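The values are calculated or read from the model by the stated rules, or taken from the named source; none is laboratory data. Since this is a predicted model, take the numbers as computed values, not measurements. For neighbour counting, all protein chains shown are included, and Cβ atoms are generated from backbone atoms with ideal geometry for every residue, glycine included.
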Amino acid sequence: MFTTDPMPGNPWPHDMRITIEDDVHALLDLLWIREAWRLDPIGEDLPPRLVATPAQEPAFNDSQVEAWASSCPEIWRACVAHAGEERDPLLFDRLQSSPLASQERKELLAQLVGPSWQDWFGDAAFTDEYDVWNSTLFQERTSPRTTRSPERESLEQLVPAWRAGLTKIIVIPCHGSFTRRIGAHALLVTAETRDTAEKYAEALSSFD
């Protein structure tokens, strides 16, 4: 959604570039773990439940599950904050040219990948069911859709949001509405919000 030159008659500003991210793996990991293991984290500003409820995992070590649940809010905040950051366009090139196993490479990789559930607890929470759920979600996300463009339908609200600094919209596959401004340049919404013109217009208007 970007052109280098003005296009007469096109209401989309020629220099407006908006990135839609609906596959932030760090967030999808957390959302799946919370529901698959039936965690009940206590904290403010946690997202609503997933639309595609995963199969429940079998009983696990109670103390471990309690540790997972208590850490969910902190991990969620860290992952959301990173997802909302603007990336240095040269970061990947700098990573590629950095010496293998160097401290510089580790720091650049951390900037690029960001925090994740594995940083806290490793891979113990992930099972084959996660792969099944994630694969199904990917297929739904990439399946042919209608030609409608939510951003163009809400262009009246999108342009002022962009002028206020919006460059990225992060979409999570959760029920209901959950709109949050993330830093100076990102907006977090549910897929339901983005798919509903009235709700999406309202969400974009909240970015000012």
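Go through 63, 116, 71, 102 for me and flag whichever is among the polar types (S, T, N, Q) and at pLDDT below 75. Steps first, answer last, please.
Working: 63 fails: at pLDDT below 75; 116 fails: at pLDDT below 75; 71 fails: at pLDDT below 75.
Exactly one residue qualifies, and that residue is 102.
Between a first residue in the stretch 30-58 that is over 18 Å from residue 121 (Cβ atoms) and assigned to a loop (DSSP other than H, G, I, E, B) and a second residue that is modelled with pLDDT under 95 and β-branched (Val, Ile, Thr), which pairs have beta carbons less than 9 Å apart while being 6 or more apart in sequence or on different chains?
Cβ pairs passing all conditions: 52/136; 55/132.
Of all residues in the stretch 141-179, count the ones that are out of contact with any His (no Cβ under 7 Å at 6 or more places or on another chain) and part of a loop (DSSP other than H, G, I, E, B). Spell out the reasoning first.
Of the stretch 141-179, the ones out of contact with any His (no Cβ under 7 Å at 6 or more places or on another chain) are 141-164, 169-179.
Next cut, part of a loop (DSSP other than H, G, I, E, B) only: 143-149, 154, 164, 173, 175-179.
Qualifying residue count for the region: 15.
Say we look at the stretch 133-169 and pick out the residues that are under 19 Å from residue 23 (Cα atoms), of a type outside the set (D, E, K, R) and without any contact (Cβ under 8 Å) to a residue 60 or more places away in the chain; which of these is surrounded by the most Cβ atoms within 10 Å (Cβ to Cβ)?
Our first condition is that a residue be under 19 Å from residue 23 (Cα atoms); within the stretch 133-169, this holds for 133-145, 149-151, 166-169.
Among the residues that remain, those that are also of a type outside the set (D, E, K, R) are: 133-139, 142-144, 149-150, 166-167, 169.
Filter once more, keeping what is without any contact (Cβ under 8 Å) to a residue 60 or more places away in the chain: 135, 139, 142-144, 149-150.
Values: 135: 10, 139: 9, 142: 10, 143: 7, 144: 5, 149: 11, 150: 20.
Only one residue fits best here, namely 150.
Quick one: how many residues across the stretch 171-201 are free of Cβ contacts under 8 Å to residues at least 24 places away in the same chain and not aliphatic (A, V, I, L, M)?
Summing the residues that are free of Cβ contacts under 8 Å to residues at least 24 places away in the same chain and not aliphatic (A, V, I, L, M) in the stretch 171-201 gives 4.
So, residue 20, is that one in contact (Cβ under 8 Å) with a residue 40 or more places away in the chain and surrounded by fewer than 19 Cβ atoms within 10 Å (Cβ to Cβ) or not? Let's see the steps before the verdict.
On the way: in contact (Cβ under 8 Å) with a residue 40 or more places away in the chain: yes; surrounded by fewer than 19 Cβ atoms within 10 Å (Cβ to Cβ): yes.
So residue 20 passes the test.
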